[in-house]
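Engineer: Questions regarding the structure given below will be posed in turn.
Please treat every number below as a calculation from the coordinates, not as lab data. Keep in mind that what you see is a predicted model, and the values were worked out from it rather than measured. Glycine also receives a Cβ, built like all others from the backbone with ideal geometry; neighbour counts cover every protein chain displayed.
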Amino acid sequence: MTLLKIFVIALLINNVVLMRYLALCSYIGMTSDVGQSIGMGFAVTFVTVLATAATWPIYNLILLPLHLEFLKILVFILVIASLVQLVEFYLKKNVPGLYAAMGIYLPLITTNCAILAVTFENISNGYSFIESVVYSVAVSLGYLLAMVLLAGVRIRIKNSPVPKFVQGTPILFVATSLIALAFGGFAGLIK
């Protein structure tokens with residue numbers, strides 16, 4: 001599979017949020033502001049790419065040769081948690097506004113199922129190191145794209161009359177389903 005094909009499939013066709021329904025907690029929680037959405041998207045991108053760059057060699061060069069594949073969940077979670085701590089320290093020191101805005105969602109990157117899913121899929125798809133990095137960048141940018149799209153929709157929702165029974169989170173899921181429906185059109189893009 002070519003790198004471009006991996007990138008397009010991960011970004012648009014199998015979008016981590018809109019087509020696979022992963023990372024919905026931060027997706028709903030951090031989209032009230034476009035700036036926060038972009039910040040969260042870049043933080044997740046940074047952690048996902050670093051997690052891939054760290055877990056791929058750990059799995060292929062240590063766990064696999066030593067027949068310790070059963071430890072991958074534990075090892076991958078520890079790597080991701082360590083990387084999130086580094087991001088948290090960096091944001092706290094250098095971007096305190098974004099750090100404060102992210103609040104509880106920053107530590108939740110540790111448990112963001114999309115990051116763990118990317119590390120597992122790199123292994124199950126048999127991707128090389130470069131393919132794994134491209135895949136992780138594309139998945140992360142797909143997450144960022146979904147976040148920014150919903151943040152834009154939320155701006156419109158604030159200024160629109162929304163029936164009382166769907167106000168709040170329900171209308172966000174309705175909007176997400178419509179965005180996902182639009183993304184479904186990308187399915188025929190690559191064969």
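Engineer: Calculate the translational D of region 13-188 in whole µm² s⁻¹ from Stokes-Einstein, where the hydrodynamic radius comes from the Kirkwood formula applied to all Cα pairs, the temperature is 4 °C and the viscosity 1.567 mPa s. Write out the running numbers ahead of the final one.
Structural biologist: Working: Rh = 17.0 Å.
Translational diffusion coefficient: 76 µm²/s.
Engineer: Kindly state, to the nearest 0.05, the FRET efficiency for Val95 paired with Lys158, given R0 = 41 Å and r defined as their beta-carbon distance.
Structural biologist: Between Val95 and Lys158 the formula returns 0.95.
Engineer: For the chain, what does -39500 (n - 2.57) per DSSP helix run (n ≥ 4), summed and divided by total residues, give at 222 nm, in deg cm²/dmol to the nearest 500? Please list the in-between numbers first.
Structural biologist: On the way: 9 runs with 127 residues, N = 191.
It comes out at -21500 deg cm²/dmol, rounded to the nearest 500.
Engineer: So what is the relative contact order of the chain, in percent, for Cα pairs below 8 Å that sit 6 or more residues apart?
Structural biologist: Values: 196 pairs, mean separation 80.5, N = 191.
About 42 percent, as a whole number.
Engineer: Could you put Met19, Met147 in order, starting from the residue whose Cβ has the fewest other Cβ atoms within 10 Å? It would help to have the intermediate numbers written out before the result.
Structural biologist: Values: Met19 17, Met147 25.
Starting with the residue having the fewest Cβ neighbours, the order is Met19, Met147.
Engineer: How big is D, in µm² s⁻¹, for region 11-51 by Stokes-Einstein at 10 °C and 1.306 mPa s if Rh is the Kirkwood radius over C-alpha pairs?
Structural biologist: Working: Rh = 10.9 Å.
Rounded to a whole number, D works out at 146 µm²/s.
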